[in-house]
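As structure tokens, the structure follows; a few thoughts come after it.
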Amino acid sequence: MTLQQRPYPVVPAPRFDVPGSEATARAEAFADVMTLRRTVRDFSSRPVPFAIVEHAIRAAATAPSGANLQPWRFVVITDPERKRLLREAAEAEERDFYERRVSAEWLEALAPLGTDWRKPFLEEAPAVIVVFEVHKGPSTPRPYYVKESVGIAVGFLLAALHQAGLATLTHTPSPMRFLNEVCERPREERAYVVIPVGYPADDAMVPDITRKPVDEVTIRL
Ligand SMILES: Cc1cc2nc3c(=O)[nH]c(=O)nc-3n(C[C@H](O)[C@H](O)[C@H](O)COP(=O)(O)O)c2cc1C
């Protein structure tokens with residue numbers, strides 16, 4: 001089909017050519033950088049340049065999405081008072097979760113991570129990004145594959161922040177409705193994840209866990 005025959009506007013596909021001789025080394029280097037990403041729960045007070053967060057969100061917002069509806073919003077909280085409110089509300093929900101709603105099986109899965117209802121990182125991290133899914137509302141169309149789209153965007157966001165030297169925590173308080181009020185977002189938006197962002201504290205430690213070997217998670221047919 002020629003350009004003129006298509007019933008929708010088109011532009012040439014952007015080119016990002018990597019010489020064949022470099023491609024494997026680049027793939028290896030990226031994977032090596034990603035193996036250094038860990039979920040950090042102890043942050044230093046060293047400020048985070050907002051430009052890094054902005055570029056990382058720009059990268060996240062390039063993610064593919066169902067029907068290109070881009071059903072995401074990224075709320076960046078740096079104001080200490082707002083972070084305090086966030087922590088207070090999150091800890092109230094989490095306390096109820098850990099003390100009443102969690103199943104024995106779930107607690108067992110969480111045990112090696114040492115997590116509990118306390119969430120000091122929501123105040124200690126210099127920035128907290130709350131990612132929202134955007135559903136059908138007065139001024140927003142019904143989106144498709146929202147969770148898949150937002151999940152891919154969050155993956156891009158975490159990778160972008162990591163390669164700029166920033167540490168992140170993927171935090172999912174349950175339930176998350178309280179985040180609409182804390183972040184002043186309308187009902188058609190639903191919080192997807194809370195991501196404290198910053199530099200690790202000097203003495204930050206992480207659980208001693210491993211990844212499944214690549215051969216185990218790859219099936220070649
Ligand atoms: C969808 C999702 C939800 C998570 N929720 C929490 C959470 O609420 N609190 C927390 O401390 N870690 C949370 N984590 C972090 C995981 O525990 C962590 O990614 C996992 O243990 C692997 O460790 P790593 O990220 O350091 O490699 C979450 C991760 C994902 C992907």
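The values are calculated or read from the model by the stated rules, or taken from the named source; none is laboratory data. Everything numeric in this text was worked out from a predicted model, so none of it was measured. With ideal geometry, Cβ positions are generated from the backbone for all residues, glycine too; neighbour counts draw on all protein chains shown. Surface areas here come from the heavy atoms of the whole protein model, side chains and all, with no ligands, DNA or RNA. Shrake-Rupley method; radii C 1.70, N 1.55, O 1.52, S 1.80 Å.
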**Message:** Run the simple label-point estimate for ARG15 and ARG118 please: 7 Å along Cα→C-beta, distance reported in nm.
**Reply:** 5.7 nm
**Prompt:** Between SER139 and VAL33, what FRET efficiency comes out of the Förster formula 1/(1 + (r/R0)^6) with R0 = 45 Å and r the beta carbon distance, rounded to 0.05?
**Reply:** 0.70
**Item:** Other-chain or far-sequence residues with amide H under 5 Å of VAL193's (modelled H)
**Value:** VAL131
**Prompt:** Which FRET efficiency value, to the nearest 0.05, do you get for ALA23 and ASP215 by plugging their Cβ-Cβ distance into 1/(1 + (r/R0)^6) with R0 = 25 Å?
**Reply:** 0.75
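Please return the longest stretch of the chain lacking exposed loop sites, where chymotrypsin sites (Phe, Trp or Tyr not before Pro) count only if DSSP places them in a loop and at most 16 other Cβ atoms lie within 10 Å.
Working: sites that count: PHE16, TRP117, TYR144, TYR145.
The segment 17-116 is the longest one with no such site.
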**Fill in**
So the carbon and sulfur contribution to the accessible area of the chain, 1.4 Å probe, in percent, is 56 percent
**Item:** Residue list for region 190-208, given a label point 7 angstrom along the Cα-to-Cβ vector of THR172 and an amide N cut-off under 20 Å
**Value:** 190-197, 207
**Item:** Neighbour cut-off at most 12 other Cβ (10 Å), DSSP loop, GluC sites (Glu not before Pro), region 141-221
**Value:** GLU184
**Item:** Solvent-accessible area per residue for the chain (1.4 angstrom probe, square angstrom)
**Value:** 65 Å²
**Most to least accessible of MET205, MET34 (protein chains only, probe 1.4 Å)** = MET205, MET34
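What is the mean projected area of the alpha carbon convex hull for the chain, to one decimal in square nanometres? Please report the intermediate quantities before stating the final value.
Working: hull surface 68.6 nm².
Projected area, direction-averaged: 17.1 nm².
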**Request:** On the full set of protein chains, 1.4 Å probe, figure out the accessible area of ARG87 and give it in Å² to the nearest 10.
**Result:** 60 Å²
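Quote the FRET efficiency, to the nearest 0.05, computed for ALA67 versus ASP202 with a Förster distance R0 of 41 Å and r equal to the Cβ-Cβ distance. Spell out each step's value before the answer.
Numbers: r = 46 Å, r/R0 = 1.12.
Step by step, r from the Cβ atoms, then E = 0.35.
Report, to one decimal in Å, the Kirkwood hydrodynamic radius for region 87-197 based on all distinct Cα pairs.
Working: mean 1/r = 0.0649 Å⁻¹.
Radius from the Kirkwood sum: 15.4 Å.
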**Message:** Just to make sure I understand: if all protein chains stay in place, what is the order of HIS162, HIS55 by accessible area at 1.4 Å, largest first?
**Reply:** HIS55, HIS162
**Binned Cα-Cα distance frequencies in region 1-119 - 5 Å width, integer %** = 2, 6, 8, 11, 14, 14, 15, 10, 6, 6, 4, 3, 0
**Asked** Label ARG101 and LYS147 with points 7 Å out from Cα along Cα→Cβ: what is the distance between them in nm?
**Response** 1.6 nm
